[in-house]
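The values are calculated or read from the model by the stated rules, or taken from the named source; none is laboratory data. Here the structure is a predicted model, which means the values were calculated and not measured. Don't worry about glycine lacking a Cβ; one is built from the backbone with ideal geometry, like all the others, and counts go over all protein chains shown.
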Amino acid sequence: MSRFQTLTPSTLSREAFVEAFADIYEHSPWVAEKAFDLGQDDRVDEIDGLHQRMADLLLSASHEAQLALINAHPDLAGKAAVRGELTEASTSEQAGAGIHECTAEEFARFTELNDAYKAKFGFPFIMAVKGSNRHQILAAFEERIHNSPEAEFSRALAEINKIALFRLQQM
């Protein structure tokens, strides 16, 4: 178990806790709010402990809350990225995967796949891109677009929880 490098969550006020962890789950501070409201103890000072608490909250949330959180995520290599409208974490994650280095043809393929995926599933393609490159992401896109809506909804939640862990590990 590793501890946070920059803060001790159990010592934070509710306001400071929510501010620190509000965007661990993309534009969804409710996860941090509920995590705080469960009570503060030594487990939240461990990255894995806080992550498990937050992941459990997401997985036990209503379908509507889960869908809203999925929809809060930007398209990979989408218009928001091109316009510089992503959160700092999303910008860093996409840049780390080399998405900003896409050729015009690759951007076009991302756009085509983003549109087809959203048309089929009703939410954006979610992938924890840390450790992946743009070629691996495109291959995952092309593979996963053939899954069932239920499988992709579950996969989106699993990927979101991976993203959250990566973000917590940066703190």
Problem - All positions within segment 1-29 that are part of a helix (DSSP H, G or I) and within 19 Å of E159 (Cβ to Cβ) - result: F21
Exercise for the section: Scan segment 1-49 for residues that are of a type in the set (A, V, I, L, M) and touching a Pro at 6+ places or on another chain (Cβ under 6 Å) and jot them down. Expected result: V18, A22, V44
Completion exercise
Requiring at least 2 residues that are modelled with pLDDT under 95, the helices (runs of 4 or more DSSP H) wholly within segment 31-94 are 79-83
Handout entry: Failed item, numbered, when T11 is tested on (1) without any contact (Cβ under 8 Å) to a residue 40 or more places away in the chain; (2) among the hydroxyl-bearing types (S, T, Y); (3) crowded, with 17+ Cβ neighbours inside 10 Å
Key = (3)
Handout entry: A35 being crowded, with 20+ Cβ neighbours inside 10 Å and touching a helix residue (DSSP H, G or I) at 6+ places or on another chain (Cβ under 8 Å)
Key = yes
